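The values are calculated or read from the model by the stated rules, or taken from the named source; none is laboratory data. From a predicted model like this one, the values you see are computed outputs, not experimental measurements. Cβ placement follows ideal geometry from the backbone for every residue including glycine, while neighbour counts extend to all protein chains displayed.
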Amino acid sequence: MSETGLKLSRKYDKLQVEVYENRAYLGKAACKEGSERILEILKKKGSARMIFAAAPSANEFLEELTKVKEIDWSKITVFHMDEYIGLPANAPQTFSNFLKRSIFDKVNPGTIHLIDGQNDPEKECARYGALLNEAPIDIVFMGIGENGHIAFNDPPVADFNDPFDAKVVELDAVCRRQQVNDGCFDSLDEVPTHAITLTIPALLRSDKQYCIVPGPTKKEAVSKTLYGPITTECPASILRTQSSCTLFLDIDSYGEK
């Protein structure tokens, strides 16, 4: 094994896939590649616009990113990719509060655009979509759900040609159960049934995507992503068409192939 913990590096169609020994190595590697890209963008453009996923699977990566002192976060605008509808604004389970705790409050980005789950959902989708379109998105830091979703584009609602940038969705059972499995909620009844999500085209229009997917609970979804048909039955399978995406796995999520 190399000093970086890298076990495998190969392409699946256009998708670059890197497999690491464990979550810690994965987080460090994703941070290294991601932070180098951020610094390049800031040097070239003077500012950057980025979208973050909010999930425990990104914990190691986010923690590493907060340690990169060379990044001038005052020149960065940040977004996030989904939010529950109906939770109180101060609920710890909201994705905006997760990202505040995990990174935003630690690095103080110059501009933070949060999805307001208390606003009228359709109006909020229009508002947030307009903010996204003010300028190109440089980087998306994303994940893959247990049902193969990216953001909250679950199989029943995912659309590879979605005409919208943000939309209201009903969460499927597997997605809601994952929120309990991740320890975000104590029971399925507590998990909201609807959310606002950025759509798949909105995410993939970005210049670069880093997809961070550790852990054994993601093994089936990763297998379908890499080896199954490219279909909304596994929304993340669309990543195989993206030369701009790097998928970071550990040996638990990659499995024995």
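Brief remarks follow.
- Meets criteria (surrounded by 16 or more Cβ atoms within 10 Å (Cβ to Cβ), within 16 Å of the chain's Cα centre (by Cα) and assigned to a loop (DSSP other than H, G, I, E, B)) for residue 71: no
- Selected residue (criterion: farthest from residue 138 (Cα to Cα)) from residues of the stretch 229-257 that are among the charged types (D, E, K, R) and either under 18 Å from the mean Cα position of the chain (by Cα) or surrounded by 15 or more Cβ atoms within 10 Å (Cβ to Cβ) (or both): 252
- Taken over the stretch 120-163, the criterion of being touching a residue at least 24 places away in the same chain (Cβ under 8 Å) and among the charged types (D, E, K, R) is satisfied by 122, 124, 138, 146, 154, 159, 162.
- Residue 121 satisfies every condition listed in (1) over 22 Å from residue 143 (Cβ atoms); (2) modelled with pLDDT under 95; (3) surrounded by 15 or more Cβ atoms within 10 Å (Cβ to Cβ) except (2).
- Qualifying residue in the stretch 202-216 (condition: β-branched (Val, Ile, Thr) and surrounded by fewer than 24 Cβ atoms within 10 Å (Cβ to Cβ)): no
- Considering the stretch 192-201, the residues that are within 14 Å of residue 121 (Cβ to Cβ) and not hydrophobic (A, V, I, L, M, F, W, C) include one that is surrounded by the most Cβ atoms within 10 Å (Cβ to Cβ), namely 197.
- Only a single item in (1) assigned to a helix (DSSP H, G or I); (2) more than 16 Å from the chain's Cα centre (by Cα) is not met by residue 61, and it is number (2).
- Qualifying residue in the stretch 64-71 (condition: more than 24 Å from residue 245 (Cα to Cα), of a type in the set (Val, Ile, Thr) and at pLDDT 95 or above): no
- Looking only at the stretch 140-158, and only at residues there that are closer than 28 Å to residue 48 by Cβ and out of contact with any Pro (no Cβ under 8 Å at 6 or more places or on another chain), the one that is surrounded by the fewest Cβ atoms within 10 Å (Cβ to Cβ): 143
- Residue in the stretch 1-42 that is nearest to residue 60 (Cα to Cα), counting only those that are more than 19 Å from the chain's Cα centre (by Cα) and crowded, with 17+ Cβ neighbours inside 10 Å: 5
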